1. Output yes when any residue across segment 78-89 is hydrophobic (A, V, I, L, M, F, W, C) and over 13 Å from Ala49 (Cα atoms), and no when none is.
2. Which members of segment 87-111 meet the condition of being assigned to a loop (DSSP other than H, G, I, E, B), closer than 28 Å to Val125 by Cα and over 17 Å from the mean Cα position of the chain (by Cα)?
3. Asp29: surrounded by fewer than 16 Cβ atoms within 10 Å (Cβ to Cβ) and part of a helix (DSSP H, G or I), yes or no?
4. Against the condition in contact with a helix residue (DSSP H, G or I) (Cβ under 9 Å, 6 or more places away or on another chain) and crowded, with 17+ Cβ neighbours inside 10 Å, how does Arg41 come out, does it pass?
5. Given (1) of a type outside the set (Phe, Trp, Tyr); (2) touching a Leu at 6+ places or on another chain (Cβ under 8 Å); (3) crowded, with 18+ Cβ neighbours inside 10 Å; (4) part of a helix (DSSP H, G or I), where does Ala131 come up short, assuming only one miss?
6. Would you mind finding the one in Ser119, Ser84, Ser100 that is among the small types (Gly, Ala, Ser) and open to solvent by 90 Å² or more (accessible area, probe 1.4 Å)?
7. Please enumerate the residues belonging to segment 63-86 that are closer than 19 Å to Glu110 by Cα and touching a Leu at 6+ places or on another chain (Cβ under 7 Å).
8. Restricting the first residue to segment 127-151 and requiring it to be without any contact (Cβ under 8 Å) to a residue 24 or more places away in the chain, which pairs with a second residue that is of a type in the set (Asp, Glu) meet a Cβ separation below 9 Å and a spacing of at least six or different chains?
Amino acid sequence: MPTLDPHGEYLHRVWGSSVYPLAENLGIDIKLPPVQPRSRRAHEAAHWARRHGKFREYNDAVFRAFFRRGEDIGNIEVLIRLASDMGLDGNDLRAALDNSLYLENVLADEREAKKLGLSGVPAFVANRKIALSGVQSVESLQKLVEHARLLS
């Protein structure tokens with residue numbers, strides 16, 4: 001399946017009507033990236049960073065690179081630079097990506113997402129039981145949490 005056209009009407013419409021207003025409301029600086037890469041390698045790199053105790057920091061770096069600077073997070077060199085900038089071993093990450101060491105972890109995540117009925121990003125999961133796909137209002141997220149509490 002091809003990636004979405006970053007210059008196409010769909011992304012500009014969705015970002016204009018949902019993403020930008022929500023980001024502004026939350027005080028988040030975000031831009032429609034000029035590229036729409038495959039993100040599986042970035043997910044593999046995030047699993048690698050988790051093994052090094054830096055998942056949150058690496059995840060934040062990937063999001064800043066993609067949503068603020070428009071970098072191609074499907075590019076291994078970008079992922080390695082982000083790791084190196086954090087003081088992590090970029091060569092170790094390259095070896096992990098070249099050898100698909102975390103691919104099965106990512107595929108397991110994808111299988112779980114499919115079981116939850118997720119079909120897009122962003123995705124919100126509560127208690128690993130219920131989920132929402134796509135940009136959501138604060139009210140929808142509050143309802144998700146309330147519903148998850150009732151299921152507990």
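The values are calculated or read from the model by the stated rules, or taken from the named source; none is laboratory data. Model, not experiment: these values are computed from the prediction. All Cβ positions, even for glycine, are placed from backbone atoms using ideal geometry, and neighbour counts span all protein chains on display. With ligands, DNA and RNA removed, areas are computed over all heavy atoms of the protein, side chains included. Shrake-Rupley method; radii C 1.70, N 1.55, O 1.52, S 1.80 Å.
1. Yes, because at least one residue in segment 78-89 is hydrophobic (A, V, I, L, M, F, W, C) and over 13 Å from Ala49 (Cα atoms).
2. Residues satisfying the conditions are Ser100, Leu101.
3. The answer is no for Asp29.
4. Yes: the conditions hold for Arg41.
5. For Ala131, the exception is condition (4).
6. From the options Ser119, Ser84, Ser100, the qualifying one is Ser119.
7. Ile73
8. Close Cβ pairs satisfying both conditions: Arg128/Glu112.
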